[in-house]
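Chemist: What follows is a single structure, and I will ask about it in a moment.
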Amino acid sequence: MPRALPAQVRGVDLQIGEAMVKLGDTAQLDEIARYYAVNEVIFCNKSLSTREIIGHMTRLAERRIHFKIV
């Protein structure tokens, strides 16, 4: 199970098995999703506001990405 991140951490992480790899921050999410051909994004509502999450989902909608909010 992934470790919980502090609320102030607003990064984009990739989970590979049990390891978490930092890819960048949320400002780079569109670019990261395109480069890595992401098919699923999981948002933490402790780290991002609802408005920020919806903004990212709207910008990524054309990429046919599945979203989860935890």
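Readers should treat all values here as calculations from the given coordinates under stated rules, not as data from a laboratory. Predicted, not measured: the structure shown is a model, and the values here were computed from it. Note that we place each Cβ from the backbone using ideal geometry, even for glycine, and neighbour counts take in every protein chain shown.
Chemist: Of all residues in the range 32-70, which are among the hydrophobic types (A, V, I, L, M, F, W, C), closer than 18 Å to LYS22 by Cα and not in a helix (DSSP H, G or I)? Before you say what the answer is, go through the steps one by one.
Modeler: Narrowing the range 32-70 to residues among the hydrophobic types (A, V, I, L, M, F, W, C): 32-33, 37-38, 41-44, 48, 53-54, 57, 60-61, 65, 67, 69-70.
The next check asks that each one be closer than 18 Å to LYS22 by Cα; those that pass are 32-33, 37-38, 41-44, 48.
ALA37, VAL38, VAL41, ILE42, PHE43, CYS44, LEU48, listed by residue number.
Chemist: Something else: Taking the range 10-31 on its own, how many of its residues are under 21 Å from GLU52 (Cα atoms) and not in a helix (DSSP H, G or I)? Reasoning before the result, please.
Modeler: So in the range 10-31, the residues under 21 Å from GLU52 (Cα atoms) come out as 10-14, 22-31.
Still in the list and also not in a helix (DSSP H, G or I): 10-14, 22-25.
Count: 9.
Chemist: Let me ask something additional. ALA61 is checked against (1) over 15 Å from LEU14 (Cβ atoms); (2) under 11 Å from the mean Cα position of the chain (by Cα) and fails just one. What number does that condition carry?
Modeler: (2)
Chemist: State all residues of the range 16-44 that are over 15 Å from LEU60 (Cα atoms) and surrounded by 11 or more Cβ atoms within 10 Å (Cβ to Cβ); if no residue qualifies, say none. Give the steps one after another, and end with the answer.
Modeler: Filtering the range 16-44 for residues over 15 Å from LEU60 (Cα atoms) gives 16-25, 44.
Those that are over 15 Å from LEU60 (Cα atoms) and surrounded by 11 or more Cβ atoms within 10 Å (Cβ to Cβ): MET20, LEU23, GLY24, ASP25, CYS44.
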